[in-house]
1. Please work out if Arg266 is among the basic types (Lys, Arg) and at pLDDT 95 or above.
2. Just checking, how many residues over region 185-205 are assigned to a loop (DSSP other than H, G, I, E, B) and in contact with a Ser or Thr (Cβ under 7 Å, 6 or more places away or on another chain)?
3. Filter region 324-341 for residues that are touching a Gly at 6+ places or on another chain (Cβ under 7 Å) and either surrounded by fewer than 16 Cβ atoms within 10 Å (Cβ to Cβ) or not in a strand (DSSP E or B) (or both) and give the result.
4. Does any residue of region 286-302 turn out to be touching a residue at least 12 places away in the same chain (Cβ under 8 Å), under 22 Å from Ala68 (Cα atoms), within 18 Å of the chain's Cα centre (by Cα) and open to solvent by less than 30 Å² (accessible area, probe 1.4 Å)?
5. When residues of region 221-271 are filtered for being in contact with a Ser or Thr (Cβ under 8 Å, 6 or more places away or on another chain), surrounded by fewer than 19 Cβ atoms within 10 Å (Cβ to Cβ) and not hydrophobic (A, V, I, L, M, F, W, C), how many remain?
6. Across region 355-380, what is the total count of residues that are at negative phi, out of contact with any Ser or Thr (no Cβ under 8 Å at 6 or more places or on another chain) and open to solvent by 20 Å² or more (accessible area, probe 1.4 Å)?
7. Only residues that are aliphatic (A, V, I, L, M) and within 20 Å of the chain's Cα centre (by Cα): list them for region 114-128, please.
Amino acid sequence: MPDASLDYLKQELAELRTAGTALHPRVLEDEQKARTRFDGRDVINLASNNYLGLAAHPRMKRAASEAAARYGAGSGAVRTIAGTMSLHTELERRFAAFKGAEAAIMFQSGFTANSGTVAAILGKEDVIVSDQLNHASIIDGARLSRAEIKVFPHKDATAADQLLAETKAPGRHQLLITDGVFSMDGDIAPLPALVEVAEKHGAIMMIDDAHASGVLGKNGRGTVDHFGLHGRVDIQVGTLSKAIGVLGGFIAGPRHLIEWLQNRGRPFLFSTSAPPAVVAACIAALDVIRDEPDRLARLWSNTELFKAGLHDLGFDTGESQTPITPVITGDEEKTQAFARRLFEQGVFCPAIVFPTVALGRARVRTIVTADHTPDDLREALETFGRVGAELALV
């Protein structure tokens, strides 16, 4: 029998439960779609990142099935040994074109794309200037690089400018990095101002576009396209698991960057490559995005309807500018109760509490998709109003 060396975690877990910050993931029992089934209950799903409703799209399911039948269930190796398949190179070619970049490289997740890239391009003599609310994968990549880390207040380009000026030194590489859309608040980075700051100092400009790819810009090409900044952002990071609806991450940028990551990107070098079904479904997703532009239009019309309804009910939605719309309640325990009562009444949107967000900034996070109908959203709003009044939140 194991000894008691891990028993201290029991006390740690008890403290999380007491604070109302313990997590209890719900279990999906059907396809990821606008109305689906979690934990035995049919609900309106406002919890997923499936922005365009592609996760269960018939064309993508068919592509995945056909690829598995032809190429097998797995790739069997890392990319640099025997695991680079023609499907991988085709997806990378397609994604580079989608993002307006010279080349692209696929990683196993958006998290590894961020953390692996930052760690691969910088060393301990370099400096990273990072937005205060950047994603955890950026933070981890910065730590792995051993570079000096400077954090600027959220979306404050003037502060970023000052930090780059203060840390400039001969032979020192500087990286200015930001999320494109911030995952907990749904606001958009001031990318034009940040690009000007990076250019002023000769810094590398990097953007994590996980929540913007498929959502912002023409045909969902992302934040760079949204602001018309093609050719001025060195590194574009993205995920294949949100609007694309499948799994994986990517880096798009200059060809020499991609070749360097093939040689020094540790997740690329030391993890087995994505299976054929996953890659084929991602390629099919790009076809669907091209062929069904109405999906993006529906996403934004649904977003506008739902935001307006939440505002009319008196909820605090912060600075959201995208389909990510937080309903900020502040108190951790009350937020957990809010999410639980919403679920019991047929609306699923999880409580987001510390450490994912700061203490006192707890919220339920809602994300509408292209597949929600106006009736779905009106029903959800009625439930929000009823439960909010019950808990004295509005």
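The values are calculated or read from the model by the stated rules, or taken from the named source; none is laboratory data. Nothing here was measured: the structure is a model prediction, and the numbers come from that model. Cβ: placed from backbone, ideal geometry, glycine included. Neighbour counts: every protein chain shown. With ligands, DNA and RNA removed, areas are computed over all heavy atoms of the protein, side chains included. Shrake-Rupley method; radii C 1.70, N 1.55, O 1.52, S 1.80 Å.
1. Taking the combined requirement at face value, the residue does not satisfy it.
2. So the count comes out to 4.
3. Result: Gly330, Glu332, Glu333, Gln336.
4. Yes, region 286-302 has at least one match.
5. Result for region 221-271: 2.
6. Result for region 355-380: 10.
7. Across region 114-128, the qualifying residues are Val118, Ala119.
Per-residue answers, yes or no, for (1) of a type in the set (Phe, Trp, Tyr); (2) outside any helix (DSSP H, G or I); (3) over 27 Å from Thr366 (Cα atoms); (4) open to solvent by 50 Å² or more (accessible area, probe 1.4 Å):
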residue	(1), (2), (3), (4)
Ile105	no, yes, yes, no
Leu144	no, no, yes, yes
Val151	no, yes, yes, yes
Glu166	no, no, yes, yes
Gly171	no, yes, yes, yes
Ile177	no, yes, no, no
